[in-house]
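> Before anything else, here's the structure in question.
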Amino acid sequence: MDLRLKDKVVVVSGSAGKEGSIGETIIKRLADEGAIPALIDRNSRGFGYAEELQKRGIDALFVQTDVTNPEAMENAVKKIVKKYGRIDAVINNVGVNDGAGLESSYEEFMNSLKLNMVSYFLLTKYALPYLKESKGNILNIGSKVALTGQGRTSGYAAAKGGVLGLTREWAVDLIQYGIRSNAIIIAESYTPAYEDWIKTLTDGETVLKKINKSIPFEGRMTKTKEIADSALFIISERSSHTTGQFIFVDGGYVHLDRALINDINP
C-alpha cells in the first residue's frame, strides 16, 4: 500500500537511540517510504544516522538538541523549517523509563516529567504554526505504564499518563485546523535499552522468557518494525479520519484476559 508519504517532512524526536531502537527504526521506515526524516535528539549518534540516510538519497537532517530546553527546541524547529520550508508531521518519541520513584528527589521526578512529557509539549508547540500550514498531524509514542502502572517509576508513569491526556487535548484543540493527534501505546518491545536492562539481571534469560510468555499474541515481544509500520500508517493519509485515538501495538498485553495466557503460551 502506498502511504503517500513521499517528500513529507516528518520530525521525529528521540530518533538517535541505538540501532534497532524505536526512533531509529521509524526514521529508516520513513526513508523507505520516500519521506524526509528530520531527527531531533541529544545524542550525537544522530549525525551518523542522517549521513547514512543521505547516502541512500534521502535528504535527512539531524539537529542535536536538549529536548527539555525550550530555547533549544525552538531553535531546532527553526533549523528544520529553514532547510525544508515545512513540517508535515511530528512524531514525539522520547521515552526513558528512568526509575524516578517515590524515593527519588523532587528534582529527579521533575526531570523525568521534563524529558518524557514536557519535551512533547515543546516540539508540538514550536512545530504547530507549520502543521497548521500543512494540515499535518501529531503522533505521540506512549507506554502501557500510563495505564497499568509498573512500580518504582512515578515520574515515567506520570509523564506517560500526561502524554495520553495531551493527545486527546490536542485532538480537540486542533480540529479547527484539520490537524490530527493520536498516540501509539507500547507494552513490551525488545529494544536495545530493554536488552541492556536484561543484561543487568542475575537471571536475565529466565526473566525474559517469563515476560515473553505474558504476552498473549504469539508469546513474544512487539518488534520495533511493527511499531514503526503502525506509526507510518497513522501519520499517513490512509488514516485521514483517525484522531484522538490510542492505538495499542502490544500483542494484546494490556487488554486480553490474563487467565488465557497459560493456555495460549504454555
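The values are calculated or read from the model by the stated rules, or taken from the named source; none is laboratory data. This one's a predicted model, so the numbers in the text were calculated from it and none came from an experiment. Here the Cβ positions follow ideal geometry from the backbone for every residue, glycine too, while neighbour counts run over all protein chains shown. Ligands, DNA and RNA are excluded from the accessible area calculation, which covers all protein heavy atoms including side chains. Shrake-Rupley method; radii C 1.70, N 1.55, O 1.52, S 1.80 Å.
> Need pairs with beta-carbon distance below 7 Å; first residue hydroxyl-bearing (S, T, Y) and within region 105-120, second assigned to a helix (DSSP H, G or I); sequence gap 6+ or separate chains.
Here the result reads S112/G155; S112/Y156; S112/A159; Y120/V163; Y120/L166, each pair linking region 105-120 to a residue that is assigned to a helix (DSSP H, G or I).
> Condition first: within 20 Å of V254 (Cα to Cα) and among the hydroxyl-bearing types (S, T, Y). Now tell me which residues in region 217-237 satisfy that.
T222, T224, S230
> Quick one: is G57 of a type in the set (G, A, S), open to solvent by 40 Å² or more (accessible area, probe 1.4 Å) and modelled with pLDDT of 95 or more?
yes
> Here is a follow-up. Do you know which residues across region 1-34 are small (G, A, S) and crowded, with 24+ Cβ neighbours inside 10 Å?
If the condition is that a residue be small (G, A, S) and crowded, with 24+ Cβ neighbours inside 10 Å, then S13, G14, S15, A16, G17, G23 are the ones that fit.
> When the residues of region 148-164 are filtered to those that are of a type in the set (S, T, N, Q) and either in a helix (DSSP H, G or I) or touching a strand residue (DSSP E or B) at 6+ places or on another chain (Cβ under 8 Å) (or both), which remaining residue is surrounded by the fewest Cβ atoms within 10 Å (Cβ to Cβ)? Reasoning before the result, please.
Quick first cut of region 148-164, residues of a type in the set (S, T, N, Q) only: 148, 150, 153-154.
Next cut, either in a helix (DSSP H, G or I) or touching a strand residue (DSSP E or B) at 6+ places or on another chain (Cβ under 8 Å) (or both) only: 148, 154.
Details: T148: 11, S154: 20.
By that ranking, first place goes to T148.
> Further question: Do you know which residues across region 111-124 are open to solvent by 60 Å² or more (accessible area, probe 1.4 Å) and closer than 14 Å to T153 by Cα?
N111
> Separate question: Among (1) open to solvent by less than 30 Å² (accessible area, probe 1.4 Å); (2) touching a His at 6+ places or on another chain (Cβ under 8 Å), where does F248 come up short?
(1)
> What pairs can you find where one residue is in region 234-263 and in contact (Cβ under 8 Å) with a residue 40 or more places away in the chain, the other is open to solvent by 40 Å² or more (accessible area, probe 1.4 Å) and basic (K, R), and their Cβ atoms are less than 8 Å apart, with a gap of 6+ or different chains?
Matching pairs, first to second residue: S236/R4; E237/R4; R238/R4; G244/R168; G251/R220; I261/K213.
> Another question, then. Scanning region 170-199 for residues that are part of a loop (DSSP other than H, G, I, E, B) and β-branched (V, I, T), which turns out most open to solvent (accessible area, probe 1.4 Å)?
The selected residue is T191.
> One residue is enough: does region 131-147 have a residue meeting the conditions within 21 Å of I22 (Cα to Cα) and either open to solvent by 40 Å² or more (accessible area, probe 1.4 Å) or free of Cβ contacts under 8 Å to residues at least 12 places away in the same chain (or both)?
Looking through region 131-147, at least one residue is within 21 Å of I22 (Cα to Cα) and either open to solvent by 40 Å² or more (accessible area, probe 1.4 Å) or free of Cβ contacts under 8 Å to residues at least 12 places away in the same chain (or both).
> Name the residue, out of T167, T202, T206, that is farther than 23 Å from D7 by Cα and open to solvent by less than 20 Å² (accessible area, probe 1.4 Å). Outline the logic, then answer.
Working: T202 fails: open to solvent by less than 20 Å² (accessible area, probe 1.4 Å); T206 fails: open to solvent by less than 20 Å² (accessible area, probe 1.4 Å).
Being farther than 23 Å from D7 by Cα and open to solvent by less than 20 Å² (accessible area, probe 1.4 Å) holds for just one of T167, T202, T206, which is T167.
> Got at least one residue in region 84-101 being surrounded by fewer than 22 Cβ atoms within 10 Å (Cβ to Cβ), touching a residue at least 24 places away in the same chain (Cβ under 8 Å) and in a helix (DSSP H, G or I)?
Taking every residue of region 84-101 in turn, at least one turns out to be surrounded by fewer than 22 Cβ atoms within 10 Å (Cβ to Cβ), touching a residue at least 24 places away in the same chain (Cβ under 8 Å) and in a helix (DSSP H, G or I).
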